[in-house]
Amino acid sequence: MNASAALSQLNTINSKCEGIFTQLSSVFPQLTVPDSHTTFQDLKNALSSISGSLTAKSSSNMANFSEKYTPIFDKLNEKIKDLQSLDKLIAEVKEDSEQMELIALNAMVISVKSGEKGLAFSKITENLQRLSKDMFISSDKLSAEEAQLLEQINSLKSIFSGIIESQRSISSKDTECSSELQRMLSNVQPSISEISGKVDSIYPAIDRALSVTEFRPKLSSAFQSVTHGFNEMNKYNPATPGSGEELDYVCFAIAACEKNIALLSNLSSLLSQACAQFAGAWQEVVEIMENADTKRMDFESRFLNNHAFGNDNIAKQLSLIIEKYRLMIGQFNNYHMVQKDLQGTCHNITSRAKGIYSVFETLRPVMSRLHHVRILQQIEVSKNDAIKSVQDSVTDMDNLINSANTSLDGIQAILESFMQDTGNMLDNFSSSIAVDNENMVSLCNEKEVVYGDLNNSESIIARAFHDFTVFPDDFQKKCVTVQQGLQDFMRLNTEISIVSNELETEKNALASRKTSLLNEKSLQNWTITNPKYLDSLSQIK
């Protein structure tokens, strides 16, 4: 065997081995770091975000709005009953005004017939007729203001009913969306967990395969030993046949071959151990990848397939839920608009109540003047015999004025009570509405965040429909590189076996030559006596 050729082969094998280790040392660290750049990881994160959204503030707390505001409207209904009493008193004032005007008209007719003697009474009665008409007009305005106030109150009740209905609708849709999202997540989560388990388990397996690099220094040392052994063999050229050194050289070469064969065997054993450990661990990686891919295809078939049976298609489910969220957020906007109407109507009720009282205040001066005119009538009748016949009319007028005055007292009491009670009540109501509106704005903002997450998730799911991957794009390419490294390791052992077999053949040939030389010299054994050969043999370890 040509030792130089063997050395060249061994150096080539060693270089290949080092090259494989260098490549694996570069690729393995890239494989052992989890990479989130996969559509599966994006999908998993998106579903996790949706799950987190379900723990956000719920709109179910709106359910107590009705209970919260109903007592206020019960009190308002009581005040409406007071307004019904007010309406009755206003009607009495109007009726008294009409009667006073009619009586005044009859009295004027009588006073006109009395000629010059009834002229003063006629003038007084004319004022009374005018004042009665003014009272009627003011009473009519009071009725109109009251009607508008009732209209505002009924409008408030209508708006309130709309708000309660809007709140119930929002709460119902929120609960419905949350339930549907929870069902979707509960349905898909087991499969997500299975894939995650497979993906996560591959990294420890890759770490175990990476342990093959622990053999690198051992193999390097073994290669050095073999190379050194062949270098010792390569120091000496074969002795000239028939020369005195031939037998020493042959014995040295046989012993050197045996030592180098043992070193090659040790190298091959180390490489076999490395390959076995590497192959076992890498087989686990391959199986995990295959299982993960099977789970991926099952997931894709069940949840990312437009033609799948049942309701597992998460894209369709999410699309329906997103539409419901869109409608719910639209209802939030409607709610805010109605809330503004509600606050405006509360302000209008307060203003309208003040307006009624302003109209009422115009009646008091009229009533005072009526009292004054009535006194003048009585004085004129008492001193003028020509108009004694209208005494009864004056008495009736006095009764009507007193009746109207009593009605005004009742109107004043009702209006003052109404203004005070409703003013405080509506102020508190408006403050409460403002607080609730802030809560609703906060809740709406949270739902808009969820809505944004859902839309983002829909985009991610759309990408998953197009290309659903559980490992990074270049992960499998890197795994192919590692697989190639394993195969290259196995081929190295074959190349080492070739060198070892050639060396074994060389040893057998040398053994035959040794037997011939011993026979020629009539010897049975021979011990190497040449120091240089002995020294070289001692260097081969």
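The values are calculated or read from the model by the stated rules, or taken from the named source; none is laboratory data. All figures in this text were calculated on a predicted structure; none of them were measured in a lab. Reconstructed Cβ throughout: ideal geometry from the backbone, glycine too, with neighbour counts over all protein chains shown. These accessible areas exclude ligands, DNA and RNA; they are computed on the full protein's heavy atoms, side chains included. Shrake-Rupley method; radii C 1.70, N 1.55, O 1.52, S 1.80 Å.
On the full set of protein chains, 1.4 Å probe, figure out the accessible area of I153 and give it in Å² to the nearest 10.
Rounded to the nearest 10, that gives 0 Å².
Enter the angle in degrees (range 0 to 90, nearest 10) between the Cα long axis of helix 475-520 and the first principal axis of the Cα atoms of the chain, meaning the one along which they spread out most.
10 degrees
As an exercise, use a Förster radius of 22 Å and the Cβ-Cβ distance of L54 and N437 to find the FRET efficiency, rounded to the nearest 0.05.
The pair L54/N437 has a calculated efficiency of 0.35.
If the cut-off is a Cα-Cα distance under 19 Å, which aspartates and glutamates reach K541, setting aside same-chain residues fewer than 8 apart in sequence?
List returned: E232, E258, E504.
Can you send over the carbon and sulfur percentage of the accessible area for the chain, probe radius 1.4 Å, protein chains only?
So the carbon and sulfur contribution to the accessible surface is 50 percent.
Could you report the accessible area of S538 in Å², rounded to 10, computed with a 1.4 Å probe on the protein chains as they sit in the structure?
Approximately 60 Å² of S538 is accessible to the 1.4 Å probe.
Quick check: the angle from helix 216-234's long axis to the longest principal axis of the chain, C-alpha only, nearest 10 degrees?
That works out to roughly 20 degrees.
Simple spin-label model, 7 Å along Cα-to-Cβ: S158 to S221 in nm?
9.7 nm
Full extension from D392 to Q277: what is 0.36 nm times the residue separation minus their Cα-Cα distance, to one decimal in nm?
Roughly 28.3 nm would be gained on extension.
Spin-label point model (7 Å from Cα, Cβ direction): what's the Q412 to E194 distance in nm?
The modelled label-to-label distance comes out at 8.6 nm.
Suppose all protein chains stay in the model; what accessible area per residue would a 1.4 Å probe give for the chain, in Å²?
Value returned for the chain: 49 Å² of accessible area per residue.
Extending each Cα 7 Å along its Cβ direction at N455 and D421, get the distance between those two points in nm, one decimal.
Those two pseudo-labels are separated by 5.0 nm.
Can you work out the PRE-style zone for S243? Point 7 Å along Cα to Cβ, and I want the residues of the range 504-541 with backbone N under 15 Å.
Correct set: 530-533.
As a test question: what accessible area, to the nearest 10 Å², does L142 have when a 1.4 Å probe is rolled over all protein chains in place?
About 0 Å², ignoring ligands and nucleic acids.
What is the pair-distance distribution P(r) of the range 394-541, computed from all Cα-Cα distances in 5 Å bins starting at 0, with each bin given as a whole percent?
2, 6, 4, 5, 6, 5, 4, 4, 4, 4, 4, 3, 4, 3, 3, 3, 3, 3, 3, 3, 3, 2, 2, 2, 2, 2, 2, 2, 2, 1, 1, 1, 1, 1, 0, 0, 0
Using 1/(1 + (r/R0)^6) with R0 = 25 angstrom and r between the beta carbons of N399 and K123, what's the FRET efficiency to the nearest 0.05?
Approximately 0.65, to the nearest 0.05.
Tell me the angle of helix 314-383 to the major Cα principal axis of the chain, expressed in degrees between 0 and 90 and rounded to the nearest ten.
20 degrees
Would you mind listing how long the range 191-320 runs along its three principal axes, going by Cα atoms, in whole Å with the largest first?
Largest first, the range 191-320 extends 100, 24, 17 Å along its Cα principal axes.
Consider the candidate values (i) 194, 45, 27; (ii) 89, 64, 49; (iii) 66, 62, 46; state which one is Cα extents along the principal axes in Å computed from the structure displayed.
(i)
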